[in-house]
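Q: Please read through the structure below; I'll follow up with questions.
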Amino acid sequence: MVTPVSQRDVLQRVDQFWSLLDEMSQNSPGAYKTFIERQLQQGVEHFSPPKPHCCLRTTIQKPNEGLLYVNVCGWKRVPAPTSHIEPVPLCGGRLETIDEKNENYYIVDVAFNPEVLQRAEGDTQEKEQIHLLALCFIQQQHRLNLSQHFTIPKAKLKGSELDMKCRLMALHQSNSSNPKPKPEPAPSLLQQISSLRMEETKEDSTIQLSVRQKEAKARPGLIEVISCTESAQPQQPKHHITVYSDSTDTSRKLKLRVELPGVQSVSQCRLSITQDDILLEVEEMYYLHLRFPEAVNEETCHALYNKKKHLLTVITSIL
């Protein structure tokens with residue numbers, strides 16, 4: 001039986017840990033620097049988005065005929081196989097139907113650990129096995145009958161990176177032959193401690209924005225699926241967009257205000273932005289994906305979170 005831990009006990013442990021860090025910084029600066037750098041690097045890898053690797057084009061024969069694009073991407077949240085005889089872990093997103101003026105098709109995404117894709121680059125046979133493994137997984141996960149023939153378009157990605165990430169992060173039911181999928185790694189201890197510390201000490205804080213840039217041998221039949229930890233259905237927060245002229249110059253700006261009741265710290269928020277849209281995620285609480293009414297300069301974007309009012313304000317210049 002697991003004994004529940006109270007918030008007071010957690011905070012006491014946090015204070016003890018910070019005391020140990022203070023002592024380490026004074027008595028062993030080198031070890032302290034190494035520890036901090038390692039924790040920061042783990043945090044960066046944990047929250048890094050999936051990166052497109054290649055796109056496969058094939059056809060669905062059953063239950064509904066149609067063209068299918070499979071985006072194969074590298075994602076550090078997917079663990080690498082521990083040896084060449086172990087199954088290759090992969091993660092799949094939801095299947096979507098896209099209706100465009102010139103083309104109607106289906107699209108789905110499959111993520112491998114970047115090391116798996118990099119290792120396969122130097123071996124044509126291994127690369128083909130990775131592609132076949134992705135198609136086999138799609139057939140099992142979505143109960144499709146795919147053509148045995150596929151092509152590789154020149155473009156690495158069909159659609160946008162934001163849409164690819166949304167499909168992979170969406171809650172889905174995995175059809176897997178492995179009854180024990182591996183969960184993604186938990187945030188590092190330092191990340192959790194920093195979050196608690198910020199909730200106690202900060203009132204208004206600036207959020208760091210990420211700007212999205214546009215950019216062992218696999219054995220057929222060995223499929224291992226990992227599930228994402230986003231198990232709760234987040235809700236869309238109340239928000240308001242305004243466009244106004246800056247009184248100091250002739251430029252025009254866009255302001256987005258988002259109400260986030262229940263959010264106690266900026267460390268809970270993840271923001272990413274392009275010229276055309278913005279994505280806000282608060283794990284298990286809020287999810288907001290907006291298209292801007294006009295193209296913006298994402299390099300000028302900054303955000304401020306008011307802890308007392310639970311209000312996030314994002315301001316950026318319009319191109």
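The values are calculated or read from the model by the stated rules, or taken from the named source; none is laboratory data. In this text the structure is predicted, and so the values were computed from the model without any measurement. Positions of Cβ are backbone-derived with ideal geometry, glycine not excepted, and every protein chain shown enters the neighbour counts.
Q: Please work out if E281 is surrounded by 20 or more Cβ atoms within 10 Å (Cβ to Cβ), among the acidic types (D, E) and assigned by TED's automatic domain parsing to the domain that holds K238.
A: Answer is yes for this residue.
Q: What pairs come out if I take residues in region 17-30 that are part of a helix (DSSP H, G or I) and pair them with residues that are exposed (fewer than 13 other Cβ atoms within 10 Å of the Cβ) whose C-beta lies under 8 Å away, six or more apart or interchain?
A: F17/L189; M24/A31
Q: Does at least one position in region 142-155 carry a residue that is of a type in the set (V, I, T) and either within 30 Å of L290 (Cα to Cα) or surrounded by 19 or more Cβ atoms within 10 Å (Cβ to Cβ) (or both)?
A: no
Q: Does Y305 satisfy the criteria of being assigned to a strand (DSSP E or B), on the phi < 0 side of the Ramachandran plot and in contact with a helix residue (DSSP H, G or I) (Cβ under 6 Å, 6 or more places away or on another chain)?
A: yes
Q: Hey, among P261, P220, which residue is more than 30 Å from L21 (Cβ to Cβ) and modelled with pLDDT of 90 or more?
A: That would be P261, the only listed residue that is more than 30 Å from L21 (Cβ to Cβ) and modelled with pLDDT of 90 or more.
Q: Filter region 5-45 for residues that are among the charged types (D, E, K, R) and within 29 Å of the chain's Cα centre (by Cα); which is modelled with the lowest pLDDT?
A: Ranking the candidates gives E45 first.
Q: Still on this model: Which one is farthest from T242 (Cα to Cα) among residues in region 280-302 that are of a type in the set (D, E, K, R) and either over 22 Å from the mean Cα position of the chain (by Cα) or assigned to a strand (DSSP E or B) (or both)?
A: Step by step, filter region 280-302, then rank; the result is E281.
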